[in-house]
Amino acid sequence: MTRTLVLKHLRIEKNGTYKYRRRVPDRLQAVLGKSEIVRVLGKSETEAMRNYPSIHDHVDLLFKSTSSISSTAETWAIKSAIEAQFLEAGIDPYSRGRSDDEELSRSERAESILSKYPTNPETGQPDQEDLSFKDSAMITALLHGVQNIDAELTIKQAFAFYLDERQEPDAFKRKKQVQRIARAERNLLNVTKQDIALKHVTRAHARALRDNLLKKMSPASVKRNINDVKAVFSLAIEEHDLNTNNPFNKLKYPKPDDASVDLRHPLPAIVIQDMYRELENNRTLQDTLSFQHQLTLKLGYRT
């Protein structure tokens with residue numbers, strides 16, 4: 001009994017069961033989905049001592065080989081990468097297999113991944129929570145399809161998806177589009193403070209974005225900016241089958257005090273006069289006006 005008590009991470013429960021309990025480093029908790037690794041070593045000292053080395057070595061290796069995932073965005077990236085791998089290999093990403101042979105092959109591959117992990121003495125199978133996120137996601141995709149991987153689309157990924165799907169063909173328009181959408185993304189992230197999942201963006205965030213923009217631009221400009229955000233959310237919700245509402249729909253805006261036509265400031269007469277004077281001797285302009293005059297006469301003659 002004494003020798004077991006000096007082993008790190010070994011605990012004896014009140015019911016006499018020996019367990020391996022080890023805290024997961026903070027940087028890996030998002031990947032592994034837990035803050036502690038707990039494994040049953042056995043119901044006797046002999047059984048616990050026999051199982052301890054393999055479980056301890058496995059957890060050491062798990063921590064060393066697992067890369068930290070800093071945000072929800074990276075979990076979605078893993079899901080997208082698996083989907084792309086399946087498509088490239090000609091494997092259906094959205095089912096367990098198109099045929100019995102494919103289903104068997106995918107099951108064997110999943111078993112191969114599981115074989116890397118130690119088994120729970122009580123179940124004879126690896127514990128699900130012991131798997132890294134990447135391995136767990138791959139097994140889920142193999143056996144059930146990528147749509148069952150628990151990963152959430154984030155703000156940044158939704159905006160990137162929009163730019164891919166709604167790409168302007170004209171280079172100049174594309175540049176303006178990228179700048180406009182990037183500005184809309186920054187404005188929203190200033191409100192949410194981080195790249196959160198789309199389903200966690202609320203109506204309160206939408207109102208906060210509107211109110212922030214109203215401090216520096218007109219209601220009409222605010223509406224145009226938020227319409228870009230609304231378009232990004234609408235496309236993401238539709239194309240990724242997200243079970244959430246668009247929080248930017250039917251957002252209320254204050255009415256301007258004056259009609260839009262009254263908000264336009266006409267050019268002063270002196271500016272117009274100076275402009276004509278500067279262009280008076282412009283050869284290109286004169287040729288253009290001459291051509292336009294001739295074309296008008298010609299069309300008038302034909303009619």
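The values are calculated or read from the model by the stated rules, or taken from the named source; none is laboratory data. Everything numeric here is computed off the predicted structure, so don't read it as measured data. Cβ atoms come from the backbone with ideal geometry, glycine included; neighbour counts cover every protein chain shown. Note: accessible area is taken over every heavy atom of the protein model, side chains too, but ligands, DNA and RNA are not part of it. Shrake-Rupley method; radii C 1.70, N 1.55, O 1.52, S 1.80 Å.
Please determine, in degrees from 0 to 90 and to the nearest 10, the orientation of helix 72-88 with respect to the longest principal axis defined by the Cα atoms of the chain, where the helix direction is its Cα long axis. Here the helix axis deviates by roughly 90 degrees.
Averaging the sequence gap over all C-alpha pairs within less than 8 Å and six or more residues apart, then dividing by the number of residues, gives the chain a relative contact order of 12 percent.
Using only side-chain charges placed at the Cβ, +1 for Lys and Arg and -1 for Asp and Glu, the dipole size of the chain relative to its Cα centre rounds to 1380 debye. Against the chain, whose longest principal axis comes from its Cα atoms, helix 219-239 is set at around 40 degrees. Take the Cβ-Cβ distance between N227 and R174 as r, set R0 to 25 Å, and report the resulting FRET efficiency rounded to the nearest 0.05. Using R0 = 25 Å, I get an efficiency of 0.85. Dipole check for region 36-149: with +1 at the C-beta of Lys and Arg, -1 at the C-beta of Asp and Glu, and the Cα centre as origin, the magnitude is about 160 Debye. Residues whose amide H lies under 5 Å from that of T154, counting only those 5 or more places away or on a different chain, are L198; hydrogens are built 1.01 Å from N in the peptide plane. Put a dot 7 Å past the Cα of N120, heading toward its Cβ, do the same for I91, and the two dots end up 2.6 nm apart. To the nearest ten degrees, helix 100-114 and the longest principal axis of the Cα atoms of the chain are 70 degrees apart. Here the Karplus curve 6.51 cos²θ - 1.76 cosθ + 1.60, taken at θ = phi - 60°, turns the phi angles of region 165-170 into couplings of 7, 10, 5, 6, x, 6 Hz, with x standing for Gly and Pro. Across the accessible surface of the chain, with the other protein chains kept in place and a 1.4 Å probe, carbon and sulfur atoms take up 50 percent.
Couplings 3J(HN,Hα) for region 53-62, derived from phi with the Karplus relation 6.51 cos²θ - 1.76 cosθ + 1.60 (θ = phi - 60°), are x, 5, 6, 5, 5, 5, 5, 4, 5, 4 Hz, where x marks Gly and Pro.
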